[in-house]
Number of protein chains: 4
Amino acid sequence: MRVRIGSGPLFEMKPVSVTIWNEFIHERTDPQVARIYPHGIHSAIAAGIGPYGFRIRTATLEQPENGLSPEVLEQTDVLIWWGHLAHEQVSDEVVDRIHARVLQGMGLVVLHSGHRSKIFQKLMGTTCDLKWRTAGERERLWVVAPSHPIAEGIGEYIELPHEETYGEFFDIPAPEELVFIGWFQGGEVFRSGCAFSRGLGKIFYFQPGHEEYPIYYNRDVLRVIANAVRWAAAPHGALPVFGNVPPLENV
Amino acid sequence: MRVRIGSGPLFEMKPVSVTIWNEFIHERTDPQVARIYPHGIHSAIAAGIGPYGFRIRTATLEQPENGLSPEVLEQTDVLIWWGHLAHEQVSDEVVDRIHARVLQGMGLVVLHSGHRSKIFQKLMGTTCDLKWRTAGERERLWVVAPSHPIAEGIGEYIELPHEETYGEFFDIPAPEELVFIGWFQGGEVFRSGCAFSRGLGKIFYFQPGHEEYPIYYNRDVLRVIANAVRWAAAPHGALPVFGNVPPLENV
Amino acid sequence: MRVRIGSGPLFEMKPVSVTIWNEFIHERTDPQVARIYPHGIHSAIAAGIGPYGFRIRTATLEQPENGLSPEVLEQTDVLIWWGHLAHEQVSDEVVDRIHARVLQGMGLVVLHSGHRSKIFQKLMGTTCDLKWRTAGERERLWVVAPSHPIAEGIGEYIELPHEETYGEFFDIPAPEELVFIGWFQGGEVFRSGCAFSRGLGKIFYFQPGHEEYPIYYNRDVLRVIANAVRWAAAPHGALPVFGNVPPLENV
Amino acid sequence: MRVRIGSGPLFEMKPVSVTIWNEFIHERTDPQVARIYPHGIHSAIAAGIGPYGFRIRTATLEQPENGLSPEVLEQTDVLIWWGHLAHEQVSDEVVDRIHARVLQGMGLVVLHSGHRSKIFQKLMGTTCDLKWRTAGERERLWVVAPSHPIAEGIGEYIELPHEETYGEFFDIPAPEELVFIGWFQGGEVFRSGCAFSRGLGKIFYFQPGHEEYPIYYNRDVLRVIANAVRWAAAPHGALPVFGNVPPLENV
């Protein structure tokens, strides 16, 4: 990408490379889900955030190396993750590879039931467990950090007519930035938008996205995911040096 | 207080000195409130947290120096604050005095409409504004930091049958520890239990307590206030030295 | 600014408008400082961050309304602040105006002795006091949050051959993100790069910049200031609504 | 323990049960270390924090189940951890057991080279790597959170005449509370006192304690460890319920 400021010189800008990972099981085994996402949740998200100018590819569980070879991850600035039924089928080697890449600066956006994925648990250090029920309740996601770039273009809240209910206690470390709190009809609240940093990498957990509702067609939900990608793709500092080092001063 | 561990020696323990400050206007002008709190909100809280072993005194707006002379504050480990109609009538001198004492280590527990008090605004550096309505809605305060001592003795949530609704955005700095999130029947959420530290002092904002409902008789609400007092009264480090200092190393 | 992604459409991008405020006294009264900054610290910073593509203007204390009329602030995305001798001469009206603009989303980058400015104290709610001495010690600013965009382009640390020493305790609220910790030859450490958010606005405090050393010609220091401007100018969420609101659900 | 307030009734108080875990290899293989800690680091710490009234036991690597059977952990309020050479020899089963207990409310105080222990890495979700050298440099640990109970009884800093140097970047999640920053003669800084919470449990990492220097005889270091035990043993909220739950409201 080339950028010109005023009549000045043209700058090159590198577009953000996004890999959308999806377990891709519900959509092939449950007709109700297949009707909503005929080409999979990953394709719906890819189409939905397409207009934001990312370089997008998708990957799914059944591919070799779960679609996440070292090459793919090396070329990924931000990884989006949706999984639910088959967390255990993601290979430990792939999980370790993603973990290392996050610490080296790759962004990670974990969606909905991805809270129980191996990679999210490993990065959080906790069980990431929560309460839930599937009752098609209305949810309202309130912005509680309006200074955050992930809230750009969103009003005071996002309303979802039907969503799986998630409830507290959500067993994660206290988020560094809490951007959204979800209100559910049935009486629960949930920390629905949580930002973390680990090593050089940034992580955003975003709760919406039960497979039985067309949530990844919601304009606001897509906007938040796109914002999260941009935020997680922001530049960072230098790779740290670890281990034995000589003194910098005369001692 | 003297403490014996096993058959060992007896230790002295200093009980916590609490001053409960109340504006004390509603209770003398509004018969409905007077029926609930015939001796004032301060007296109800004093009675309610009495069993926790604090040394309690009360202070009200109409007293000389708003009841908060230098001597009173000097002898106060934790100040509890309830105000609503007359924030502007608290003298700036008293506010500055409280501010200085908090930075020197006095705890501060700000209740309900105290969010708009001069002292809370001054310590937060923001407007502390919010949304509200008085519709007698049910509130459920969920514990989202169960590791926090302020959550001791409370179940997963506190339920209040009727409370004034407060809604986000609550214009405060992101709390250092978010202990409670409130769910309201009308569709709002609220960061209802927020912990901060400033200088040597600790501050807890706790949302329940509209004057038209008997909230300060609720066992759980009183327990949280007592826990907050203990937390805010915990020991702290040494008074810092500021200004010009010589080097500690040869330079 | 117009941006083209690949062979795709051309996007407009709004450049960031920066106002650099300087007290501008040392440079006109102290020959040693005048030699280093003949046109003032503000001009040196303006020249130094010029290559980053901002729309820059400067403002100084002696101008009408301290150079910060409502119009100027309205057109400012990020305000940079350097002051030392004359904090008290900045008018309260101007301070309140800046405060309101920060809460509405203007970024603020406070440099060095600006820690004692009225606006920083007001936003922090604390004294912002610290230890200091002017002994020309070496400082090394270590990056402790390499995931932060403010650390972009910086190595593991920034080394300054001579700087005024600042020491802890620095009486600020715990920063939301601590990006730099300063090491000083004489034995002190300092939280030298501190990020905060207040309302819709973002604030970065950056410690380097004593007027007697040519610090605002240092490539790394300028890079951090430019990074901080970009970070503070990032988009944010919608302006909140405060006050009495009807319920969103039937109650 | 029984407590009497004034002339009032006698209350029972439960003393804090502490288990001090030590790898206990250096002290049996390195004569220099054996001279400093003839009975092991664990015994020195046990003696040093004895006066604070804890119920103390010790455990070491070579014991069955590494000294940490389910029964021992069940009876432990706070676990102190020192390890260096043999992190890999701690059994995964024991690590998982400790992890579960921390999430259920047991406190954990990780000392010095324990930063690379399996349990700390698992709880942090990062490598916990850092820079180091053994040059016997002077360290000064500055209190940067004087409101924290862990700083009680400590002056503005702790000075250690000789300590192994640890340097940034320390690959941990940003601590929820940063209590100490270490200054080292050779030019490094380090986040030396870091507080975290995970689930119901609290974790404190404290950097001092290289085996070749008599650091666990230092009065201030022992005071911090005792303070950390008390802080980590503080009461907490109720055990959360996870999984499928019915609604609390009629939907």
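The values are calculated or read from the model by the stated rules, or taken from the named source; none is laboratory data. Computed from a predicted model, the values in this text were never measured in an experiment. Cβ sites come from the backbone with ideal geometry, for glycine too, and all protein chains shown count toward neighbours.
Key figures for this structure:
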item	result
Which listed residue, of D:77, D:96, D:92, is touching a Ser or Thr at 6+ places or on another chain (Cβ under 9 Å) and of a type in the set (Asp, Glu)	D:77
Number of the condition not met by residue C:66 [criteria: (1) on the phi > 0 side of the Ramachandran plot; (2) polar (S, T, N, Q); (3) assigned to a loop (DSSP other than H, G, I, E, B)]	(3)
Strands (runs of 3 or more DSSP E) completely within the stretch D:136-207 that count 3 or more residues being closer than 30 Å to residue B:144 by Cα	D:177-184, D:189-198, D:201-206
Filter result for the condition that a residue is at pLDDT below 95 and farther than 23 Å from residue C:232 by Cα, over A:245, A:221, A:251	A:251
Some residue of the stretch D:41-50 being aliphatic (A, V, I, L, M) and within 30 Å of residue A:128 (Cα to Cα)	no
Test: residue in the stretch C:24-41 that is of a type in the set (A, V, I, L, M, F, W, C) and outside any helix (DSSP H, G or I)	yes
Subset of the stretch D:129-156 [more than 8 Å from every other protein chain (Cβ to nearest Cβ) and within 26 Å of residue B:177 (Cβ to Cβ)]	D:141, D:150
Residue among A:116, A:35 that is touching a residue at least 24 places away in the same chain (Cβ under 8 Å) and surrounded by fewer than 22 Cβ atoms within 10 Å (Cβ to Cβ)	A:116
Qualifying positions in the stretch C:173-192 - of a type outside the set (D, E, K, R) and surrounded by 24 or more Cβ atoms within 10 Å (Cβ to Cβ)	C:179, C:180, C:181, C:182, C:183, C:184, C:189, C:190, C:192
Members of the stretch C:193-251 that are among the small types (Gly, Ala, Ser) and either without any contact (Cβ under 8 Å) to a residue 12 or more places away in the chain or facing chain A (nearest Cβ under 8 Å) (or both)	C:197, C:199, C:201, C:234, C:237, C:238, C:243
Extreme residue, nearest to residue D:166 (Cα to Cα), among residues of the stretch C:121-147 that are surrounded by 23 or more Cβ atoms within 10 Å (Cβ to Cβ) and under 17 Å from the mean Cα position of the chain (by Cα)	C:141
Positions within the stretch C:75-128 being part of a strand (DSSP E or B) and within 14 Å of chain B (Cβ to nearest Cβ), in sequence order	C:108, C:110
Complete set of residues in the stretch A:208-226 that are outside any loop (DSSP other than H, G, I, E, B) and farther than 24 Å from residue D:249 by Cα	A:216, A:217, A:219, A:220, A:221, A:222, A:223, A:224, A:225, A:226
Selection status of residue A:187, within 12 Å of chain C (Cβ to nearest Cβ), at pLDDT 95 or above and farther than 30 Å from residue D:251 by Cβ	no
Enumeration of residues in the stretch C:144-165 that are touching a Gly at 6+ places or on another chain (Cβ under 7 Å) and under 29 Å from residue B:238 (Cβ atoms)	C:165
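Listed here are the residues, each with its yes/no results for (1) closer than 25 Å to residue A:121 by Cα; (2) modelled with pLDDT of 95 or more; (3) exposed (fewer than 13 other Cβ atoms within 10 Å of the Cβ).
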site: D:11; (1), (2), (3): no, no, no
site: D:39; (1), (2), (3): no, yes, no
site: D:43; (1), (2), (3): no, yes, no
site: D:55; (1), (2), (3): no, yes, no
site: D:65; (1), (2), (3): no, yes, no
site: D:68; (1), (2), (3): yes, yes, no
site: D:82; (1), (2), (3): no, yes, no
site: D:86; (1), (2), (3): no, yes, no
site: D:93; (1), (2), (3): yes, yes, yes
